[in-house]
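So the structure is just underneath, and the comments pick up after that.
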Amino acid sequence: MIHRQSWRVLGALTFALFCLGWSAAAFAAGDPVKVEWFSWSIFRLTSPTGKVVLTNPFVTNPDSPVKVEDFPKVDAIVVADGHRDEVGSAAEIALATHAKVVTSYEMFAVWFEPRKVPLEQVIRTSPGDWAKLEGITIRVIPSIHGSGTADKLYGGAATGFMIKFENGLTVYFAGSTAPTLDMTMWGRMYKPDVAILEMSAGKDPLDLVEEIKMLRTGNPNLKTVIPHHNRLQVPPGGTTPADVAAAVKAAKLPVRVLIPELRKSYDLPK
């Protein structure tokens, strides 16, 4: 009888612990995604369960407040193309953290393999592919942009990424794409809630207005737009984040333009 009671108690405790663990995971999955900007196109996205996705870690750019060692935990790095300001220090961070790198087949061959990043750490993709990483789905989509490396080698197709987190929030990191009518389809298919759109000093803010309109096609979810690729001190006459915010306001688009401050953490609720 004692033996049977012991097993019953153990079973009850095991079930209770399982329920507590599931409840904690379910609760965490309802938390917001957090985003931090570290200049240029470097964003750290932290998922509700603590997974870290890093974009274009060009930590040697003139405005960067961070170095490779400032990213001790990274689960995935998305690399939009082979340009120096896109791939940045992705290889060094991947080697230090064992993060997965989502990039093209060509970039593995010409960039990551020569830098001794193991094949098992690199998720080689082409536009149209997806990668699934413990509750996070990263869809790879085309980008209208170049992809040559600093070594003048072909880095494969330039890409953007639709990153869907555990709580259902989808963030579109566009890389450095120009406007394309494909955005109408992507808005309808993937329904991003947040769009991180390229806005260099030489870009017309109306380009971003049109991109937002297309991404909202069949997609009322898009509520937040974050410009990237801008210098802290924009050259005279160059487009600024404030110019983008003014253009979006003039177009009467129902989205907020989030102009992030360096290192500040922002919640991105679903």
Quiz item: For the stretch 125-147, what are the residues that are over 21 Å from GLU198 (Cα atoms), β-branched (Val, Ile, Thr) and either at pLDDT below 95 or buried (at least 22 other Cβ atoms within 10 Å of the Cβ) (or both)?
Solution: THR125
Quiz item: For the stretch 11-19, does any single residue satisfy the condition of being modelled with pLDDT of 55 or more, part of a loop (DSSP other than H, G, I, E, B) and open to solvent by 20 Å² or more (accessible area, probe 1.4 Å)?
Solution: no
Quiz item: Going through the stretch 148-162 one residue at a time, which ones are touching a Pro at 6+ places or on another chain (Cβ under 9 Å), within 28 Å of ASP31 (Cα to Cα) and buried (at least 24 other Cβ atoms within 10 Å of the Cβ)?
Solution: GLY160
Practice problem: Could you tell me which residue of the stretch 169-204 is farthest from the chain's Cα centre (by Cα), considering only residues that are open to solvent by 20 Å² or more (accessible area, probe 1.4 Å) and more than 17 Å from ILE144 (Cα to Cα)? | Solution: ALA201
Quiz item: In the stretch 44-79, how many are within 10 Å of the chain's Cα centre (by Cα) and either open to solvent by less than 30 Å² (accessible area, probe 1.4 Å) or of a type in the set (Gly, Ala, Ser) (or both)?
Solution: 10
Self-check item: Scope the stretch 94-112; condition farther than 14 Å from VAL140 by Cβ, assigned to a helix (DSSP H, G or I) and open to solvent by 30 Å² or more (accessible area, probe 1.4 Å); matching residues
Solution: LEU95, ALA96, ALA109, VAL110
Practice problem: Go through the stretch 206-232 and give me each residue that's over 19 Å from TYR190 (Cβ atoms) and either open to solvent by 10 Å² or more (accessible area, probe 1.4 Å) or without any contact (Cβ under 8 Å) to a residue 40 or more places away in the chain (or both). | Solution: LEU206, ASP207, PRO227, HIS229, ASN230, ARG231, LEU232
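The values are calculated or read from the model by the stated rules, or taken from the named source; none is laboratory data. All figures in this text were calculated on a predicted structure; none of them were measured in a lab. All Cβ positions, even for glycine, are placed from backbone atoms using ideal geometry, and neighbour counts span all protein chains on display. What goes into the accessible areas is simple: the full protein's heavy atoms, side chains included, and nothing from ligands, DNA or RNA. Shrake-Rupley method; radii C 1.70, N 1.55, O 1.52, S 1.80 Å.
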